[in-house]
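**Q** Quick one: structure below, then a few questions.
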Amino acid sequence: MAHMALTVGFDLDMTLIDSRPGIHACYVALAERTGTYIDADLAITRLGPPLEEELINWFPAERTAAIADQYREMYPAIAITATPAMPGAREAIAAVRAAGGRAIVVTAKYEPNAKLHLEHLGIDPDAVIGNLWAEQKAEALREYGAGIYVGDHQGDIRAARAADTLAVTVATGPYSAEELGALGADVVLADLTKFPDWLAGYLEAPRA
């Protein structure tokens, strides 16, 4: 079959990048600058939803927007170099390209910071769309004609469902493989190192 129309979307945090070290460091710095206690160890176990959903646990609701802006301004100097790529991330993007497809990143992360991560790590997707969470991600997935969305979170499964795309998950985030399956993922992989072989098999399989 021709694969020129293949477009695969990828989540960013805990899918393509292990953002825990950088985010942990940024929360520690934010706590120091604001004089507000933040349990950074706990916060990095809940990555996925928008930043404001975490900040509301530590700051009054009326301050979360301003604190989020402060965090995002601090983020590049603290979090980018501290954040590694997930094993298999570059190879997953390359596998999509080798199949004649496009790889896009659709993330809840602030888009300029998402792009900084990818540039620093030498990961070069065809497009990066930020500031979208769960069902909101379906807007970008539909716009780019994505047939597959790869993520690690329940919100990513919800995004794929809303966009009518295949929900492929990796058990590198807050959910185990068993939990991802129970949440309705179509495919559950241990990590992105398994993605190229899965994609090859998926593209070779006959379609009804």
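The values are calculated or read from the model by the stated rules, or taken from the named source; none is laboratory data. The shown structure was predicted, so the numbers you read here are calculated from the model rather than taken from an experiment. Quick reminder, even Gly has a Cβ in these numbers, built from the backbone with ideal geometry, and neighbours come from all protein chains shown. For the accessible areas, the whole protein counts, side chains as well, though only heavy atoms, and no ligand, DNA or RNA atoms are used. Shrake-Rupley method; radii C 1.70, N 1.55, O 1.52, S 1.80 Å.
**Q** Which members of the range 21-48 meet the condition of being within 16 Å of residue 174 (Cβ to Cβ), open to solvent by less than 40 Å² (accessible area, probe 1.4 Å) and either of a type in the set (Asp, Glu) or assigned to a loop (DSSP other than H, G, I, E, B) (or both)?
**A** Listed by number, the residues that qualify are 44, 47, 48.
**Q** Could you please let me know if residue 103 is more than 30 Å from residue 33 (Cα to Cα), open to solvent by less than 10 Å² (accessible area, probe 1.4 Å), assigned to a helix (DSSP H, G or I) and in contact (Cβ under 8 Å) with a residue 40 or more places away in the chain?
**A** Against the criterion (more than 30 Å from residue 33 (Cα to Cα), open to solvent by less than 10 Å² (accessible area, probe 1.4 Å), assigned to a helix (DSSP H, G or I) and in contact (Cβ under 8 Å) with a residue 40 or more places away in the chain), residue 103 does not qualify.
**Q** Is there any pair linking a residue in the range 63-84 that is under 13 Å from residue 21 (Cα atoms) to one that is in a loop (DSSP other than H, G, I, E, B), with Cβ under 8 Å and at least six apart or on different chains, and which?
**A** Every condition considered, the pairs that remain are 75/110; 79/19; 83/18; 83/19; 84/18.
**Q** Restricting attention to the range 132-152, and to residues there that are part of a loop (DSSP other than H, G, I, E, B) and touching a Ser or Thr at 6+ places or on another chain (Cβ under 8 Å), which single residue is surrounded by the fewest Cβ atoms within 10 Å (Cβ to Cβ)?
**A** Only one residue tops the list, namely 145.
**Q** Within the range 15-33, is there a residue that is within 20 Å of the chain's Cα centre (by Cα) and at positive phi?
**A** Scanning the range 15-33, I find no residue that is within 20 Å of the chain's Cα centre (by Cα) and at positive phi, so the answer is no.
**Q** Give the residue that is nearest to residue 17 (Cα to Cα), with candidates limited to residues of the range 165-197 that are open to solvent by 50 Å² or more (accessible area, probe 1.4 Å) and out of contact with any Ser or Thr (no Cβ under 9 Å at 6 or more places or on another chain).
**A** In this case the residue turns out to be 193.
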